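Notes for the one structure printed next.
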Amino acid sequence: MSKKRERLEVIYDFLKIIQENHNSIKPTPLLRKTNLSSQSFNEYFQELLKKEFIKEIYDKNKKKYITLSDKGFHYLEKYKTILGFIDDFDL
Amino acid sequence: MMHNFLGKGFEAEFLYTFIVVVLCFLVYYKTKEIYELTKHQGIKYFRSAFLFFGLAYLSRFLLHIVILMGISFSFIISRRVMFLPVFTVPVTYLSTMAIFFLIYSTIWKKIKYKYFIILSNIIAISISVIAFCSKSLILISALQLLLLLITVVISTKDHRKTKKKYTRTLYFLISVLWLINLFLLSPGRILLFGSKIFFQAFSIIVFVVVYLKVLKWVK
């Protein structure tokens, strides 16, 4: 399996975990559930924030939560299409 | 009248170019969303290939008109000599890059990005300079065929175990059909009108198949 494919899958898993936690999860449990190293987690986290797939929100106690943006939900919806397309065209 | 000097087959040529260009641009447009979501390099090169093929077919059509004008107004041959090389350059550059992008979309994981862009541009510009100097579309077709064969060999070497032979055959057909198109554009290379229509119809079918394959995933 290619590195790029892994990257797309990691992003999918990352976003799926957030979605399955009622679209709201703290960074520490998210790190644990993604099974990534701290360094990799931070890289993906920053990338997804930059691409606006996820957002950081704060509750009234100023605790940070991670939530999906519309673009993040859209990626989850399109994931199978993306994989199918890449496989079909041998990209 | 413009119609008179453009001669028989012009309408078919116009229709053929129009359909192919529209299909190429549709492939480019339809894949925009999944590229923007993923920024996947393979999708990027795939899209670039069809964008460049669309532009190459457009510039080929302009070249076709220039050649027809040159034949019709042979008494002002110096104008043809001036304009033909100018129109040959974009056709050569765009099509060479399109072939490179199409092949590279399947082997991009093996070759570094910067290396590819620099190398492909150097080769495309070199062939364009040869096109400008030689004014020979046959020579350009031969050089692009050589280039295609080399890239196909490299591509096959890296993908011996691939199951996507059908897709690769489509890519190969797109490139080969382009080369035949360019070869036939050379003055003196006359194909029977019926044969040309058959060949162009086959070419359109290949582009339609690719477009339908894209539509299967991206609606």
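Just so it is clear, none of the values below were taken in a lab; they were calculated from the coordinates. Note that the structure is predicted; figures quoted are calculated from it, not measured. Cβ atoms come from the backbone with ideal geometry, glycine included; neighbour counts cover every protein chain shown.
Using Cβ contacts closer than 10 Å as the measure, can you line up A:Glu77, B:Glu13, A:Glu47 from fewest to most?
The fewest-first ordering by Cβ neighbours comes to A:Glu77, A:Glu47, B:Glu13.
How would A:His74, A:His22, B:His40 line up from fewest to most surrounding beta-carbon atoms within 10 angstrom?
Exposure proxy ranking, most exposed first: A:His22, A:His74, B:His40.
Counting only C-alpha contacts under 8 Å and six or more residues apart, can you give the relative contact order of chain A as a whole percent?
Value for chain A: 29 percent.
Which loop-located trypsin sites (Lys or Arg not before Pro) does chain A contain, where loop means any DSSP state but H, G, I, E or B and the Cβ has at most 14 other Cβ atoms within 10 Å?
Here the trypsin sites (Lys or Arg not before Pro) that fit, given the DSSP loop and packing criteria, are A:Lys60, A:Lys62, A:Lys63.
Taking each pair of different alpha-carbon atoms in chain A once, compute 1/r for the pair, average those values, and report the inverse of that mean as the Kirkwood hydrodynamic radius in Å to one decimal.
Result for chain A stands at 13.7 Å.
Around B:Phe52, under 13 Å between beta carbons, what's the net of Lys plus Arg minus Asp minus Glu among the other residues?
Combined, the nearby Lys, Arg, Asp and Glu give +3.
What list do you get for B:Thr106, B:Thr156, B:Thr88, A:Thr67 if you sort them by fewest beta carbons within 10 Å?
Lowest to highest Cβ neighbour count: B:Thr156, A:Thr67, B:Thr106, B:Thr88.
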